[in-house]
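Novice: To start, I am sharing the structure in question, which I have written as structure tokens.
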Amino acid sequence: MSIFSPTSFQCPNCGTENEFDHFASINADRRPDLRDDIISGDFMRVKCSNCAKDFRPEPELNYLDFGNGNGLWLLARPISAVAHWSDEEIAAQTLFDNAYGAGAPKAAQEIGKELTARVTFGWAAIREKIVIAQEELDDAALEKVKITILRNKPGNPVEPGVELRLLAVRSTVFHMGWIRATTNEALEVFEMQRALYEQIAVDDAWEKIGKELSAGCFVDMQRLFIVPEPIGPIAL
Ligand SMILES: [Zn+2]
């Protein structure tokens, strides 16, 4: 079921209060249009009734995409929450376990076996996980590729709040982008051969880093670089 409630949000440009539908939960099997909107960047985008400027509240939702072999369960959190990703991933895992794991009814557990649980921070990250599911890629392997790009590609626009994301896959080419997470502005977009991903995915030399990357449901190279601040148990 997709759950939304009419919410008021203040325009960051002129301060006008705008009403819009805030989604707390999305079932992409029943509402594939919402999945498409996340990919296109139109999801929960609000045009201010006063100044006509676009804005987009940060994600805070649960996303389920079971059909078409996508098998993805996501807890999408605001970008600022990445600062305490360790507590966040524990909370997300607990939420998943209660809904589809050991704490759930048998029928739900059967569904849970087909699901990959992830927590993401910001719009660029949730969008990327959906692309990965649709393209049937291994997200930990993709993060290894990003580390390779970070180490070897000259001129990366590395700065706080700028993230490297897979944007799309076209045949043998991955379209990658350095994205400013708070605005989703693309600072640099480039192409990468799929062969690099295929090669790294099976390379034993990456095994140790692969284990670190997938030690919890926050599968993102940021977990190797951001020392998480503790905030204690989170009730979601
Ligand atoms: Zn406005």
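Novice: How would Ser80, Ser86 line up from fewest to most surrounding beta-carbon atoms within 10 angstrom?
Specialist: Exposure proxy ranking, most exposed first: Ser80, Ser86.
Novice: Let me ask you something else. Where does the chain land at 222 nm, in deg cm²/dmol rounded to the nearest 500, when only DSSP H runs of n ≥ 4 count, each adding -39500 (n - 2.57), divided by all residues?
Specialist: One gets -9500 deg cm²/dmol as the mean residue ellipticity at 222 nm.
Novice: Calculate, in nm to one decimal, what Ser5 and Glu159 gain on full extension: separation in residues at 0.36 nm each, minus their alpha carbon distance.
Specialist: Length gained between Ser5 and Glu159: 51.9 nm.
Novice: What FRET efficiency comes out for Asn98 versus Arg30 if R0 is 25 angstrom and r is the Cβ-Cβ distance? Round to the nearest 0.05.
Specialist: Plugging the Cβ-Cβ distance into 1/(1 + (r/R0)^6) gives 0.70.
Novice: What aspartates and glutamates does Lys47 reach when the alpha-carbon gap must be under 18 Å and sequence neighbours fewer than 8 apart in one chain are set aside?
Specialist: Hits, sequence-local ones excluded: Glu17, Glu19, Asp21, Asp37, Glu58, Glu185.
Novice: Related question: Which whole-number percentage describes the relative contact order of the range 58-224, with Cα contacts under 8 Å and a sequence gap of 6 or more?
Specialist: In percent, rounded to a whole number, it is 21.
Novice: Still on this model: Once amide H atoms are built 1.01 Å from N in the peptide plane, which residues 5 or more positions from Leu72, or in another chain, come under 5 Å H to H?
Specialist: Asp65, Phe66, Thr116
Novice: Lys211: which lysines have alpha carbons under 20 Å from its alpha carbon, excluding same-chain residues fewer than 8 sequence positions away?
Specialist: Lys129, Lys144, Lys146
Novice: Using modelled backbone amide H atoms (1.01 Å from N, in-plane), which distant-in-sequence or interchain residues come within less than 5 Å of Val119's amide H?
Specialist: Leu75, Phe218, Val219
Novice: Along the range 150-159, what does the Karplus equation 6.51 cos²θ - 1.76 cosθ + 1.60 (θ = phi - 60°) give for ³J(HN,Hα), rounded to whole Hz, x for Gly and Pro?
Specialist: 4, 6, 10, 7, x, x, 4, x, 7, 7
Novice: Also, I was wondering about something else. With θ taken as phi - 60° and the coefficients 6.51, -1.76 and 1.60, list the Karplus ³J(HN,Hα) couplings across the range 46-57 in order, rounded to whole Hz; mark glycine and proline as x.
Specialist: For the range 46-57, the Karplus curve yields 10, 9, 4, 5, 9, 9, 6, 7, 7, 8, 9, x Hz.
Novice: For the charge dipole of the chain, defined by +1 on Lys and Arg C-beta atoms and -1 on Asp and Glu C-beta atoms about the Cα centroid, which residue among Cys217, Met176, Ile90 has the Cα displaced farthest towards the positive pole?
Specialist: Towards the positive end, the residue furthest out is Met176.
Novice: How do Arg170, Arg180 line up, fewest other C-beta atoms within 10 Å first?
Specialist: Taking fewest neighbouring Cβ atoms as first place, the list is Arg170, Arg180.
Novice: When the Karplus curve 6.51 cos²θ - 1.76 cosθ + 1.60 is applied with θ = phi - 60°, which whole-Hz ³J(HN,Hα) does each residue of the range 88-103 get, with x for Gly and Pro?
Specialist: Using θ = phi - 60°, the values come out as 5, 6, 5, 4, 5, 5, 4, 4, 5, 4, 5, 8, 9, x, 4, x Hz.
Novice: Okay, moving on. Size of the range 58-224 along its principal axes in angstrom, Cα-based, largest extent first?
Specialist: 51, 33, 29
Here, each number is a calculation from the coordinates, and none is a lab measurement. If you're wondering where the values come from, they're calculated on a predicted model, not measured in any experiment. Reconstructed Cβ throughout: ideal geometry from the backbone, glycine too, with neighbour counts over all protein chains shown.
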